[in-house]
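Structure first, commentary second.
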Amino acid sequence: MDLPRGMRDIEPKESVAIEYVRQKFTETANLFGFQFMEPSTIELVSVIEAKSGPSIKNEIYYFTDKGDREVALRFDFTIGLTRYAVSQKSMRLPAKFCTFGGVWRYDEPQKGRYRFFHQWDVEIYGEASIESDAEIIDFTSKFFSNLGLQNIVINVCDRGLIESYVKNVFKTDSSDTIGDILRAVDKIQKKRKQDIIKEYQEKGYSASDLELVLNFSQIKGTPQEIENMTDTNKLKNWDKLLQLFESLKNRGVNNVRINFGIVRGLDYYSGVVFEVFDGSSDLGALVGGGRYDTLTKAFGRDDMGATGAAGGIERIVYSLEKQGIENLSNSERVWVVFVNDDMKKIAINIASALRLKGIPTEVDLIGKPLRKQMDMASNSKYVIIIAPKEYSQNSVVIRNMKDGSERQVKLDSLLDNPRSNLQF
């Protein structure tokens, strides 16, 4: 039987990888003091439209419930966390929240992105500051380091800088025009420049002005490199990007560069914006984020700013696989195997005892031949072999499945101190 387009079952191997990402996210969030919560899976459509406009209905799953209310499945975490934060009138600021879970989007399915997928999210609410923006980027860098991923590049920019440049080139203060051109800039990572220019010419925009902006958007590098390429004295908020770089340098974040092509597609971003890429993959951004003070204002809190980031878990899993970071659940898993049926009950007893000690342990429940059991255990780190001769001496054999070496261990010692005997 078929599933709806864009949906899929999450198989055990992928579930293991998602759980690995969740574990590393939780560890990193705790290091930074983010508080876990889970926003509602259902929002009022009117709340979502306050953030993203009426056209958002084309991108979400929404329906009328039994109370004749228009509701929608959550399509990101930012709106739920922000809705919650602005409602907490007595909450001490700055407040740091994080979450991890599933979201639904009625997008065109693509590699690494389905219509139901998983996201992680971190947000800081309070007075606007460069250090809060740096904290979010620092978290993101350390999270990817904890995952073990290599070749991670963080591209940062400032929305105000790009908007100011567009205003000067197109000689306009029209928010519609500025938004249109920013969307053209956002497309440059996915489409050819000439195709974008042709598309916008048909909308009535100047090809030469648009080319100027698109060429500007392709400037990237360290602050020093960019200062050698263009006159930064004329760029609005350049000083803020320098402060951000100084803070990140102080935090030991070195995998960051300025990229004038990073504007983020959503209209509510108002300051620093950033995206994170795996340099060894062509999958697109793994993370996007930035400052969005206009959203808290839209929700009625002029006294509260916000900055945050979110990343797609399935894309991260794809990068983990591409970089060979697999078998994430087997690092401490053992199998207890038995030579014959007489040893089966004993093996199950030993497996249960190891589980009580917190050792992830598996054992064959049916009574397969030893060879079949060893095949089943091939991805584990250790196999404990229960054989009549050794068991009569109160001993078991431990085989290292990585190098094939074996050693005999007293059963009492194994059960009293399994981690030491298994060298975990």
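Condition (residue is without any contact (Cβ under 8 Å) to a residue 40 or more places away in the chain, closer than 20 Å to ASP133 by Cβ and of a type in the set (Asp, Glu)) applied to the range 243-252: is it met by at least one residue?
Yes, the range 243-252 has at least one match.
Tell me which residues, restricted to the range 325-357, are at pLDDT 90 or above and not in a helix (DSSP H, G or I).
VAL334, TRP335, VAL336, VAL337, PHE338, VAL339, ASN340, LYS357
Of all residues in the range 275-309, which are of a type in the set (Phe, Trp, Tyr) and crowded, with 24+ Cβ neighbours inside 10 Å?
TYR292
Tell me the residue from ARG74, ARG8 that is under 30 Å from TYR318 (Cα atoms), in contact with a Ser or Thr (Cβ under 8 Å, 6 or more places away or on another chain) and not acidic (Asp, Glu), please.
ARG74
Please go through the range 193-207 and pick out each residue that is in contact with an Asp or Glu (Cβ under 9 Å, 6 or more places away or on another chain) and not in a helix (DSSP H, G or I).
LYS203, TYR205
Identify, from the list SER145, SER208, SER164, SER217, the residue that is under 30 Å from LEU320 (Cβ atoms), of a type in the set (Ser, Thr, Tyr) and assigned by TED's automatic domain parsing to the domain that holds ASN254.
Matching residue, one of SER145, SER208, SER164, SER217: SER145.
Only one of SER247, SER208 is more than 29 Å from MET304 (Cβ to Cβ) and hydroxyl-bearing (Ser, Thr, Tyr); which?
Matching residue, one of SER247, SER208: SER208.
Hey, can you tell me all the residues within the range 353-377 that are of a type in the set (Gly, Ala, Ser) and in contact (Cβ under 8 Å) with a residue 12 or more places away in the chain?
Once the filter is applied, which keeps residues that are of a type in the set (Gly, Ala, Ser) and in contact (Cβ under 8 Å) with a residue 12 or more places away in the chain, the range 353-377 yields ALA353, GLY367, ALA377.
Each row is one residue, and each column tells you yes or no for (1) among the small types (Gly, Ala, Ser); (2) part of a loop (DSSP other than H, G, I, E, B); (3) in contact with a Pro (Cβ under 9 Å, 6 or more places away or on another chain).
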| residue | (1), (2), (3) |
| --- | --- |
| ASP209 | no, no, no |
| LEU214 | no, no, no |
| GLY261 | yes, yes, no |
| ARG264 | no, yes, no |
| TYR269 | no, yes, no |
| ASP303 | no, yes, no |
| ALA310 | yes, no, no |
| SER319 | yes, no, no |
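Here is a list: ARG92, ARG74. Which entry is more than 18 Å from ALA310 (Cα to Cα) and assigned by TED's automatic domain parsing to the domain that holds GLY288?
ARG92
The values are calculated or read from the model by the stated rules, or taken from the named source; none is laboratory data. This is a predicted model, so every value here is computed, not measured. For neighbour counting, all protein chains shown are included, and Cβ atoms are generated from backbone atoms with ideal geometry for every residue, glycine included.
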